[in-house]
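See structure below.
Read-outs throughout are calculated quantities, based only on the coordinates presented, and are distinct from any laboratory measurement. From a predicted model like this one, the values you see are computed outputs, not experimental measurements. Using ideal geometry, Cβ is built from the backbone for each residue, glycine included, and neighbour counts are taken over all protein chains shown.
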Amino acid sequence: MNDKQKQFLQLRADGLSFDKIAVEIKTSKPTLIQWAKLFKDELNDMKFQSLATLKEQYQFSVKAKFEQNLKHLQKINEAFDNFDYSTATLKELATVRNDITGQLERLEGKTSFIQTGLVSTCEYTGKKETLKVTLNEIE
């Protein structure tokens, strides 16, 4: 792979169109299309890495989403505590609170602890099974 091809892959992974890349690196669009086919796997890997880096940079992870939702829920609960019930936005706050609570419950349902050290024995077969605990089972 030569330098122009590497430059093409980087620009393409960054989302530039074939037309813009053709002008920038002074290569014909049909050649770029051939390169895209030839280096399809490398291009996909670069796109993945680029998006993974962005995701990490902006902490768009399950943990970050969970923390963010908890912060929002805390603010809404504080607003409920200080809410002037003579206004009409209580319904809106309740809707948002329910949405965030639902998001948290979905995240909790996906999160489990497998190495609990807890074992269950089947009363019929005597077979032992390690118990898994999900986050939403913890009170």
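Miscellaneous remarks
- Taking a Cβ cut-off of under 12 Å around GLN7, the surrounding Lys, Arg, Asp and Glu residues balance to a net charge of +1, with basic ones at +1 and acidic ones at -1.
- Simple label model, 7 Å out from Cα along Cβ direction - PHE80 to ALA36, nm: 5.1
- For the stretch 3-57, the alpha carbon positions stretch 35, 20, 18 Å along the principal axes, listed from largest to smallest.
- Acute angle (nearest 10 degrees) that the helix 3-13 long axis makes with the longest principal axis of the chain, alpha-carbon atoms: 30
- Taking the C-alpha atoms of the stretch 62-110, convex hull volume expressed per residue in Å³: 55
- Pairwise Cα inverse-distance average, inverted: Kirkwood Rh of the chain (Å): 20.5
- Gain upon complete extension [PHE48, GLU92; 0.36 nm per residue less C-alpha separation]: 12.0 nm
- For the stretch 89-105, 3J(HN,Hα) per residue [Karplus equation, 6.51 cos²θ - 1.76 cosθ + 1.60, θ = phi - 60°, Hz, x = Gly/Pro]: 8, 4, 4, 5, 4, 5, 5, 5, 4, 5, 5, 5, 4, x, 4, 4, 5
- Residue pairs, from the table LYS4/LYS40; LYS6/LYS55; LYS6/LYS65; LYS20/LYS47; LYS63/LYS132, whose Cα atoms sit over 25 Å apart: LYS6/LYS65
- Along the axis of the charge dipole computed for the chain (Cβ charges of +1 for Lys and Arg, -1 for Asp and Glu, origin at the Cα centre), the listed residues GLN74, THR89, LEU9 are led at the positive end by LEU9.
- Excluding exposed DSSP-loop trypsin sites (Lys or Arg not before Pro) (at most 14 other C-beta within 10 Å), longest clean stretch of the chain: 27-126
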